[in-house]
Amino acid sequence: MWHTHLVANTSNPASSKVLLAVGKETVLVGRVIESAVTSARSADPNFVRLEIAANSDDAAGEFANAMSPSLFGELTVLVVSGIDSATDELSEQITKYISNTPEHIRLVITHPGGIKGKRLLESIRKAGAIEANCSELKSKDLEAALVAEFKKHGRKVTSDAITQLQTSLGTGLGELLSAVSQLCTDVEAQLIEQSHVSTYYSGVSDVMGWTMSDAMWNAQPLEVLEQLRWSLQGDSASAVPAISAISNGLRALVKFAGAPAGMSDNELAGVVGVPPWKLRMLRNQKNRWTPEQLATAARLLAQADRASKGTSYDSGIPGGKSLDTVQSQYRIEKDLMAIRPPKN
């Protein structure tokens, strides 16, 4: 399983009953949970799935009830999410049962990483849980994940195709995995090449990727306006992914600007979440903007995003003011064109 990097403590039998997913990548956490569900379904088609949010008031009571002997003896997948926010009572319950999990329970515990709730996290690790690394994938790890996903579908893929896919869609794992699935469904060739990706994501989709984002952060407003209008002619709803792409570009630029000095390109690419080849472009873009201007850009993008979904902020109207198609496009263009660097 490429995505989980499972580490099992085979010295403790509890490892066969407890999965620990650590990290913020929701796609990977979801896959860990699904692996437990699939295994339970195979063992008992009538299994039960229960979910407990660790920060809920009655989490400890729900956990204790789930651990109690079942009247019907059905297999239960118990998902406890966000133990970094677990109450003291829940922490005690988990610590009590982690090394002595009942036979009918398959336990999945999630933690986003970081130092909060670390004592409980270490207790679960010491008890012998199978740990899955669900940290956000960066650079080479992300590329390897995409290659493995193509392999999962019985396909091979060229490195140029992987690069083109990220160029078109960005680095969001969920969106990229969906694209892999779609390509494998629609493309008959055994080897997925750059031409397949370019063809599938041609036209509007190219604009929706990094093309418009690069124009924005390269301080080319006329190109942004031209591409936006062209895309809207083909699809009136295309502004939503366009603004998302521009926002992703802003996040990458901010991460790049705030990265520690002295890092290698591979290290820096991992921190920023972009392919190494894109660092040169980010260096050039950084020189065009000040932190204050980027903060203003974030606010304007939030307004444009709201307009793209048919509303604008109005303090006198709950939920904002509704916009028709013409009004929405006008607001989007106005906000995007207001994003200007203080220097060229």
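The values are calculated or read from the model by the stated rules, or taken from the named source; none is laboratory data. Since we're looking at a predicted model, the values are computed, not measured. Reconstructed Cβ throughout: ideal geometry from the backbone, glycine too, with neighbour counts over all protein chains shown.
Below is a table of values for the structure above.
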read-out: E74 vs. criteria outside any helix (DSSP H, G or I), out of contact with any Leu (no Cβ under 7 Å at 6 or more places or on another chain) and under 19 Å from E34 (Cα atoms); value: yes
read-out: Test: residue in the stretch 153-169 that is of a type in the set (A, V, I, L, M), within 23 Å of W277 (Cα to Cα) and part of a loop (DSSP other than H, G, I, E, B); value: no
read-out: Residues that are modelled with pLDDT of 85 or more and part of a strand (DSSP E or B), drawn from the stretch 1-53; value: V18, L19, L20, A21, V22, V48, R49, L50, E51, I52, A53
read-out: Test set (1) of a type in the set (V, I, T); (2) modelled with pLDDT of 85 or more; (3) surrounded by fewer than 16 Cβ atoms within 10 Å (Cβ to Cβ) - T199 fails condition number; value: (2)
read-out: Evaluation of G270 against (1) small (G, A, S); (2) closer than 26 Å to L165 by Cα; (3) surrounded by fewer than 16 Cβ atoms within 10 Å (Cβ to Cβ) (one fails), failing number; value: (3)
read-out: Matching residues, the stretch 276-289, being buried (at least 18 other Cβ atoms within 10 Å of the Cβ) and not in a helix (DSSP H, G or I); value: W289
read-out: Sole exception among (1) modelled with pLDDT of 80 or more; (2) more than 25 Å from the chain's Cα centre (by Cα); (3) in a helix (DSSP H, G or I) for E188, by number; value: (3)
read-out: Selected residue (criterion: modelled with the lowest pLDDT) from residues of the stretch 290-344 that are among the charged types (D, E, K, R) and assigned to a loop (DSSP other than H, G, I, E, B); value: K343
read-out: Selected residue (only one of E122, E103, E131, E136 is assigned to a helix (DSSP H, G or I) and either in contact with a helix residue (DSSP H, G or I) (Cβ under 9 Å, 6 or more places away or on another chain) or surrounded by fewer than 16 Cβ atoms within 10 Å (Cβ to Cβ) (or both)); value: E122
read-out: Unique match (being surrounded by 14 or more Cβ atoms within 10 Å (Cβ to Cβ), over 28 Å from D160 (Cβ atoms), basic (K, R) and assigned by TED's automatic domain parsing to the domain that holds W217) among R229, R251, R306, R299; value: R306
